[in-house]
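The values are calculated or read from the model by the stated rules, or taken from the named source; none is laboratory data. It should be emphasised that the depicted structure is a prediction, and the values quoted were computed from it without experimental measurement. For neighbour counting, all protein chains shown are included, and Cβ atoms are generated from backbone atoms with ideal geometry for every residue, glycine included.
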Amino acid sequence: MSPLPLLRGAAVAVAATALIATAATAPATAHPRHQPEGPSEINGYRSVGYLMADTPVTRDFQIADLLKSGAIEDVTHINYAFGNVTENLVCEITDVPGEGDAYNDYLRLVSPQDSVDGKRDQKNRHQRLAGNFNQLKKLKQASPDTKVLISLGGWTWSDHFSAAAATAESREKLVTSCLDVYLRGNLPKVGGLGGEGVAAGIFDGIDVDWEWPVNGGETSNASPADRENFLALMEEFRRQLDAYGAETGEDYLLTAFAPAGGWNTNAGGWTDPRLFEVVDFLNIQGYDYAGGWTGNTGHQGNLHPDGANNWGLALDNAVGLYTAAGARPDQLNLGIPAYGQGWTNVTVGDRAVWTPDPTVTSIGTKPYSEIRSIGQGYYDPALGASWRYDAVSGQWWSLDDPKSVQQKAEWLAEQGFGGAMWWDLSGDYRNELGSTLGDTLRAAEEGPLD
């Protein structure tokens, strides 16, 4: 679910444009059969945040920072990213570079200054769980209403889903292994860490990030049979989660990261009523509508379509694909990016220029915290889009800022949707975006979640 180019196909629509140039400043029900107990909501809405396993090391964003910054008050669900479906076609936690992250998951010893409770990890016979899993366990003790899910796959680790979902036997084997590792908490022993049941009770459910059935994503491991197999896999997850919940007395969530373009939604089975029947909610991709692959500047997370540009991709069109197919609005969360897509050698700053220009070069993505003050801020309420332009460096960044986040939050509340989702929590600046979302939802009419 990391930033990625979309396979396109949303319906094209035309929207009027009204530009306002301004410096960017902050403005002064789940499935009824599976809703967990506890008020894991903000005024009747969800706020789901993805948490990448490596950000404590790569960005110095610690799980404890969710408490220190106050962000935990604006997040109801944390999707820990990612768990890998390996070449063995099961959920496994390995310490093989590129194929697992056991080090960050449960082996890395966390210092007292980075720990949720101020206590250091110690490698002795009394401690069998360290790393992020131990910090998530401590976080849930400090914030017991927060739900934590394991996200499986993502852009990089979706390459074995197709084979793992190919038969009834392989689906059952995959799901059983995922519950064994993440819900029952049986981790491989490494030194004195890991063991049977050491991670039990951390995860409240499973989030499936298969990118993408039938069409594939980063890899070509896909098949026309994926559509039926994906739906059957989700049904198998639901079956086993409910059976395990009957044993433990708990209700376990099943969610998924869902595509924005009609090409993926239709081909992969994402708008099939069978999916809506078994998932608690879907997180709809609300970003990567433009990037280096579009040949020039463009809005990557616009709420409304930018005319006929970029195949009409927009967040309102994306969620419309699902409601038109029968999904309940309260099952849908609107994806919002905490990062931006950037270009350089740009000479036009007050609007997006979709026409390809060979002199304009993509400079990839950066977290919101690093680009929030670059150049001049712009905001277009007709599109529900913000961006920044620096005439000196020629950099143009499509991003969400407090203005566009507030507009998206107000819109989702007006439409009766279930909430919003962030990719990802480490990209925010001192919870600036998260608090904007949370405060706007608190000020809205009470949401649809009970």
Every pair of residues 6+ apart whose Cβ atoms lie under 6 Å, when the first sits in region 95-108 and is buried (at least 22 other Cβ atoms within 10 Å of the Cβ) while the second is in a helix (DSSP H, G or I) and aromatic (Phe, Trp, Tyr): Asp105/Phe133; Tyr106/Phe133
Number of positions in region 215-226 that are in contact with an Asp or Glu (Cβ under 8 Å, 6 or more places away or on another chain) and either under 23 Å from Pro273 (Cβ atoms) or surrounded by 20 or more Cβ atoms within 10 Å (Cβ to Cβ) (or both): 1
Hits in region 303-340 - residues which are more than 28 Å from Pro356 (Cα to Cα) and assigned to a strand (DSSP E or B): Leu332, Asn333, Leu334
Residue match in region 55-63 (condition: touching a Phe, Trp or Tyr at 6+ places or on another chain (Cβ under 8 Å) and of a type outside the set (Phe, Trp, Tyr)): yes
Residue among Ile150, Ile78, Ile72 that is outside any loop (DSSP other than H, G, I, E, B), touching a strand residue (DSSP E or B) at 6+ places or on another chain (Cβ under 8 Å) and farther than 24 Å from Arg227 by Cα: Ile78
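Please enumerate the residues belonging to region 407-431 that are over 25 Å from Ala324 (Cβ atoms) and surrounded by fewer than 21 Cβ atoms within 10 Å (Cβ to Cβ). Break it down into steps so the answer makes sense when it comes.
Start the filter on region 407-431 by keeping residues that are over 25 Å from Ala324 (Cβ atoms), which leaves 422, 424-431.
Scanning region 407-431 gives Tyr429, Arg430.
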Where Ala200 falls short, out of the listed (1) more than 24 Å from Ile78 (Cα to Cα); (2) small (Gly, Ala, Ser); (3) in contact with a Gly (Cβ under 9 Å, 6 or more places away or on another chain): (1)
Criterion (surrounded by fewer than 19 Cβ atoms within 10 Å (Cβ to Cβ), closer than 19 Å to Thr86 by Cα and not β-branched (Val, Ile, Thr)) met by exactly one of Glu196, Glu169: Glu169
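So that you can scan it fast, the table gives a plain yes or no per residue for (1) touching an Asp or Glu at 6+ places or on another chain (Cβ under 7 Å); (2) crowded, with 16+ Cβ neighbours inside 10 Å; (3) under 24 Å from Arg430 (Cβ atoms):
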position	(1), (2), (3)
Val353	no, yes, no
Ser362	no, yes, no
Thr365	no, yes, yes
Tyr378	yes, yes, yes
Ser393	no, no, no
Filtered residues of region 343-369 (kept if farther than 20 Å from Tyr379 by Cβ, outside any loop (DSSP other than H, G, I, E, B) and not β-branched (Val, Ile, Thr)): Ser362, Gly364
Single condition Asp95 does not satisfy, out of (1) within 29 Å of Glu250 (Cα to Cα); (2) part of a loop (DSSP other than H, G, I, E, B); (3) not small (Gly, Ala, Ser): (1)
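This table checks each residue for (1) at pLDDT 95 or above; (2) touching a Lys or Arg at 6+ places or on another chain (Cβ under 7 Å); (3) closer than 30 Å to Arg227 by Cβ.
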{"position": "Ile93", "(1), (2), (3)": "yes, no, yes"}
{"position": "Gly100", "(1), (2), (3)": "no, no, yes"}
{"position": "Asp105", "(1), (2), (3)": "yes, no, no"}
{"position": "Lys119", "(1), (2), (3)": "yes, no, no"}
{"position": "Arg128", "(1), (2), (3)": "yes, no, no"}
{"position": "Gln135", "(1), (2), (3)": "yes, no, no"}
{"position": "Lys138", "(1), (2), (3)": "yes, no, no"}
{"position": "Pro144", "(1), (2), (3)": "yes, no, no"}
{"position": "Thr176", "(1), (2), (3)": "yes, no, yes"}
Residue list for region 56-69, restricted to those being outside any loop (DSSP other than H, G, I, E, B) and either surrounded by 23 or more Cβ atoms within 10 Å (Cβ to Cβ) or aliphatic (A, V, I, L, M) (or both): Val57, Leu66, Leu67
Residue in region 13-21 that is outside any strand (DSSP E or B) and either in contact with a Pro (Cβ under 6 Å, 6 or more places away or on another chain) or at pLDDT 95 or above (or both) present: yes
